[in-house]
Amino acid sequence: MTQLSTSDGGADRAEHRWAMVSVAILVLLVGIATFAALYHGAMPQSRVETTDPRTLHLGGEFIESNLGSAIEPDGTVTVRFIGQQYSFTPACIVVPTDTPVRFRATSADVVHGFLIDGTNINLMLVPGYVSSLGARFDTPGERLMPCQEFCSVGHEGMWGRVKIVDKAAFARMAAERRRLSCVE
Ligand SMILES: [Cu+2]
(Lines give C-alpha, C1' and ligand atoms only; values in the text may rest on other atoms or scores of the structure.)
Protein backbone atom coordinates (compact mmCIF):
# COMPACT_ATOMS: atom_id res chain seq x y z
CA MET A 1 0.00 0.00 0.00
CA THR A 2 1.31 3.41 -0.86
CA GLN A 3 1.07 6.24 1.55
CA LEU A 4 0.70 9.74 0.13
CA SER A 5 3.53 11.89 1.31
CA THR A 6 2.95 15.49 2.25
CA SER A 7 6.55 16.19 3.09
CA ASP A 8 6.46 19.02 0.57
CA GLY A 9 3.89 21.35 2.14
CA GLY A 10 3.19 23.12 -1.19
CA ALA A 11 0.36 20.82 -2.17
CA ASP A 12 -1.15 21.14 1.28
CA ARG A 13 -1.04 24.90 1.13
CA ALA A 14 -2.54 24.99 -2.37
CA GLU A 15 -5.33 22.68 -1.23
CA HIS A 16 -5.97 24.86 1.78
CA ARG A 17 -6.08 28.04 -0.32
CA TRP A 18 -8.50 26.45 -2.78
CA ALA A 19 -10.73 25.30 0.07
CA MET A 20 -10.81 28.89 1.36
CA VAL A 21 -11.78 30.18 -2.11
CA SER A 22 -14.62 27.62 -2.29
CA VAL A 23 -15.91 28.65 1.12
CA ALA A 24 -15.68 32.33 0.15
CA ILE A 25 -17.73 31.68 -3.03
CA LEU A 26 -20.36 29.82 -0.96
CA VAL A 27 -20.56 32.64 1.57
CA LEU A 28 -20.92 35.17 -1.26
CA LEU A 29 -23.75 33.19 -2.92
CA VAL A 30 -25.63 32.77 0.36
CA GLY A 31 -25.15 36.51 0.94
CA ILE A 32 -26.57 37.38 -2.49
CA ALA A 33 -29.57 35.06 -1.97
CA THR A 34 -30.23 36.53 1.48
CA PHE A 35 -29.97 40.09 0.13
CA ALA A 36 -32.36 39.32 -2.75
CA ALA A 37 -34.84 37.67 -0.39
CA LEU A 38 -34.83 40.40 2.26
CA TYR A 39 -34.16 43.58 0.32
CA HIS A 40 -35.85 42.83 -3.02
CA GLY A 41 -38.54 40.59 -1.52
CA ALA A 42 -37.62 37.78 -3.93
CA MET A 43 -39.45 34.78 -2.57
CA PRO A 44 -40.49 31.46 -4.02
CA GLN A 45 -44.21 31.20 -4.74
CA SER A 46 -46.08 30.89 -1.47
CA ARG A 47 -48.31 28.09 -2.72
CA VAL A 48 -48.32 25.44 -5.40
CA GLU A 49 -51.08 25.46 -8.01
CA THR A 50 -51.39 22.54 -10.32
CA THR A 51 -53.06 22.04 -13.68
CA ASP A 52 -53.36 19.13 -16.09
CA PRO A 53 -51.35 19.77 -19.28
CA ARG A 54 -53.38 17.14 -21.18
CA THR A 55 -56.68 19.01 -20.74
CA LEU A 56 -55.54 22.66 -20.92
CA HIS A 57 -57.30 23.14 -24.25
CA LEU A 58 -60.55 21.55 -23.09
CA GLY A 59 -61.54 23.80 -20.22
CA GLY A 60 -60.52 25.73 -17.16
CA GLU A 61 -58.35 28.78 -16.70
CA PHE A 62 -55.98 28.12 -19.61
CA ILE A 63 -58.53 27.35 -22.33
CA GLU A 64 -57.65 29.37 -25.46
CA SER A 65 -60.57 31.79 -25.15
CA ASN A 66 -59.38 32.78 -21.67
CA LEU A 67 -55.75 33.52 -22.66
CA GLY A 68 -54.48 37.07 -22.94
CA SER A 69 -54.84 40.13 -20.73
CA ALA A 70 -57.92 40.93 -18.69
CA ILE A 71 -58.81 43.80 -16.34
CA GLU A 72 -59.93 42.51 -12.96
CA PRO A 73 -62.75 44.16 -10.96
CA ASP A 74 -60.12 45.75 -8.67
CA GLY A 75 -58.39 47.44 -11.64
CA THR A 76 -55.37 45.17 -11.75
CA VAL A 77 -54.56 43.17 -14.87
CA THR A 78 -54.13 39.41 -15.17
CA VAL A 79 -52.23 37.99 -18.15
CA ARG A 80 -52.75 34.31 -18.87
CA PHE A 81 -50.66 32.47 -21.44
CA ILE A 82 -49.20 29.07 -22.20
CA GLY A 83 -45.90 27.92 -23.64
CA GLN A 84 -45.68 24.94 -25.98
CA GLN A 85 -43.15 23.63 -28.48
CA TYR A 86 -42.36 26.14 -30.05
CA SER A 87 -44.48 29.19 -29.34
CA PHE A 88 -46.31 31.16 -26.72
CA THR A 89 -50.09 31.63 -26.84
CA PRO A 90 -50.71 34.49 -27.25
CA ALA A 91 -47.44 35.23 -29.04
CA CYS A 92 -47.82 38.94 -28.36
CA ILE A 93 -48.82 40.06 -24.89
CA VAL A 94 -50.20 43.52 -24.20
CA VAL A 95 -49.94 45.14 -20.77
CA PRO A 96 -50.72 48.65 -19.45
CA THR A 97 -48.34 51.08 -17.76
CA ASP A 98 -48.67 52.02 -14.08
CA THR A 99 -50.89 49.07 -13.21
CA PRO A 100 -50.22 45.97 -11.10
CA VAL A 101 -49.96 43.11 -13.60
CA ARG A 102 -50.07 39.45 -12.66
CA PHE A 103 -48.75 36.85 -15.09
CA ARG A 104 -50.24 33.37 -14.83
CA ALA A 105 -48.82 30.75 -17.13
CA THR A 106 -48.15 27.09 -17.64
CA SER A 107 -46.72 24.72 -20.23
CA ALA A 108 -48.64 22.34 -22.47
CA ASP A 109 -45.71 19.96 -22.99
CA VAL A 110 -42.14 20.35 -21.68
CA VAL A 111 -40.39 22.92 -19.49
CA HIS A 112 -40.20 26.36 -21.12
CA GLY A 113 -39.00 29.70 -19.88
CA PHE A 114 -40.65 33.11 -19.93
CA LEU A 115 -38.42 36.14 -19.81
CA ILE A 116 -39.08 39.77 -20.70
CA ASP A 117 -36.00 41.39 -22.14
CA GLY A 118 -34.64 44.33 -20.14
CA THR A 119 -36.63 43.49 -16.99
CA ASN A 120 -36.11 41.06 -14.09
CA ILE A 121 -39.24 39.13 -15.12
CA ASN A 122 -38.21 35.53 -15.49
CA LEU A 123 -40.34 32.45 -14.92
CA MET A 124 -40.09 28.76 -15.60
CA LEU A 125 -43.16 27.23 -17.19
CA VAL A 126 -43.46 23.68 -15.93
CA PRO A 127 -46.11 21.30 -17.26
CA GLY A 128 -48.59 20.51 -14.49
CA TYR A 129 -47.93 23.70 -12.52
CA VAL A 130 -49.14 27.29 -12.68
CA SER A 131 -46.36 29.90 -12.57
CA SER A 132 -47.42 33.27 -11.23
CA LEU A 133 -45.54 36.54 -10.96
CA GLY A 134 -46.52 40.13 -10.22
CA ALA A 135 -45.00 43.04 -12.14
CA ARG A 136 -45.46 46.70 -12.95
CA PHE A 137 -44.36 48.59 -16.07
CA ASP A 138 -43.46 52.28 -15.92
CA THR A 139 -42.79 53.18 -19.54
CA PRO A 140 -44.57 52.21 -22.76
CA GLY A 141 -42.59 50.28 -25.33
CA GLU A 142 -42.06 46.95 -26.94
CA ARG A 143 -39.94 44.14 -25.56
CA LEU A 144 -38.91 40.69 -26.65
CA MET A 145 -40.02 37.60 -24.80
CA PRO A 146 -37.77 34.65 -25.62
CA CYS A 147 -38.10 31.14 -24.21
CA GLN A 148 -35.01 30.85 -22.03
CA GLU A 149 -35.17 27.11 -21.22
CA PHE A 150 -33.85 24.79 -23.88
CA CYS A 151 -37.00 22.94 -24.96
CA SER A 152 -35.70 20.82 -27.88
CA VAL A 153 -34.81 21.41 -31.53
CA GLY A 154 -37.07 24.38 -32.23
CA HIS A 155 -36.08 26.24 -29.08
CA GLU A 156 -34.28 29.15 -30.73
CA GLY A 157 -37.39 29.96 -32.75
CA MET A 158 -39.54 30.29 -29.64
CA TRP A 159 -40.03 34.05 -29.23
CA GLY A 160 -42.88 36.29 -28.29
CA ARG A 161 -43.34 40.03 -27.89
CA VAL A 162 -44.66 42.20 -25.10
CA LYS A 163 -46.30 45.54 -25.89
CA ILE A 164 -46.51 47.96 -22.98
CA VAL A 165 -49.17 50.55 -23.78
CA ASP A 166 -50.42 53.62 -21.99
CA LYS A 167 -52.92 52.82 -19.24
CA ALA A 168 -55.75 54.83 -20.86
CA ALA A 169 -55.18 53.22 -24.27
CA PHE A 170 -55.27 49.80 -22.62
CA ALA A 171 -58.58 50.62 -20.91
CA ARG A 172 -60.07 51.65 -24.29
CA MET A 173 -58.93 48.39 -25.89
CA ALA A 174 -60.28 46.40 -22.94
CA ALA A 175 -63.70 48.03 -23.27
CA GLU A 176 -64.09 46.33 -26.66
CA ARG A 177 -62.80 42.86 -25.90
CA ARG A 178 -62.89 40.51 -22.93
CA ARG A 179 -59.34 39.23 -23.46
CA LEU A 180 -56.60 41.31 -25.06
CA SER A 181 -53.49 40.40 -27.00
CA CYS A 182 -51.47 42.07 -29.72
CA VAL A 183 -51.45 39.08 -32.07
CA GLU A 184 -52.41 40.31 -35.53
CU1 LIG B 1 -39.50 26.73 -25.10
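The values are calculated or read from the model by the stated rules, or taken from the named source; none is laboratory data. All values reported here derive from a predicted model rather than from experimental measurement. Backbone-built Cβ (ideal geometry, glycine too); neighbour counts: all protein chains shown.
Listing for the model above:
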read-out	value
Leu123 vs. criteria closer than 24 Å to Gly75 by Cβ, within 16 Å of the ligand (Cβ to nearest atom) and either part of a loop (DSSP other than H, G, I, E, B) or out of contact with any Asp or Glu (no Cβ under 7 Å at 6 or more places or on another chain) (or both)	yes
Where Val23 falls short, out of the listed (1) modelled with pLDDT of 95 or more; (2) under 24 Å from Arg172 (Cα atoms)	(2)
Every residue from region 46-90 that is polar (S, T, N, Q) and over 26 Å from Trp159 (Cβ atoms)	Ser46, Thr50, Thr55, Thr76
Tally of residues being under 17 Å from Val101 (Cβ atoms) and outside any strand (DSSP E or B) across region 133-176	13
From the options Gly134, Gly157, Gly141, residue that is closer than 18 Å to Gln85 by Cβ and of a type outside the set (Phe, Trp, Tyr)	Gly157
Search result, residues across region 143-161 that are hydrophobic (A, V, I, L, M, F, W, C) and within 8 Å of the ligand (Cβ to nearest atom)	Cys147, Phe150, Cys151, Met158
Among the residues listed as Leu123, Leu58, Leu133, the single one being of a type in the set (A, V, I, L, M) and out of contact with any strand residue (DSSP E or B) (no Cβ under 7 Å at 6 or more places or on another chain)	Leu58
Members of region 83-120 that are outside any strand (DSSP E or B), closer than 11 Å to Met145 by Cβ and within 16 Å of the ligand (Cβ to nearest atom)	Pro90, Ala91, Ile116, Asp117
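Residues checked against (1) among the hydrophobic types (A, V, I, L, M, F, W, C); (2) surrounded by fewer than 13 Cβ atoms within 10 Å (Cβ to Cβ); (3) modelled with pLDDT of 95 or more; (4) more than 20 Å from the chain's Cα centre (by Cα):
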{"position": "Glu149", "(1), (2), (3), (4)": "no, no, no, no"}
{"position": "Gly154", "(1), (2), (3), (4)": "no, yes, no, no"}
{"position": "Lys163", "(1), (2), (3), (4)": "no, no, yes, no"}
{"position": "Arg172", "(1), (2), (3), (4)": "no, yes, no, yes"}
{"position": "Arg177", "(1), (2), (3), (4)": "no, yes, no, yes"}
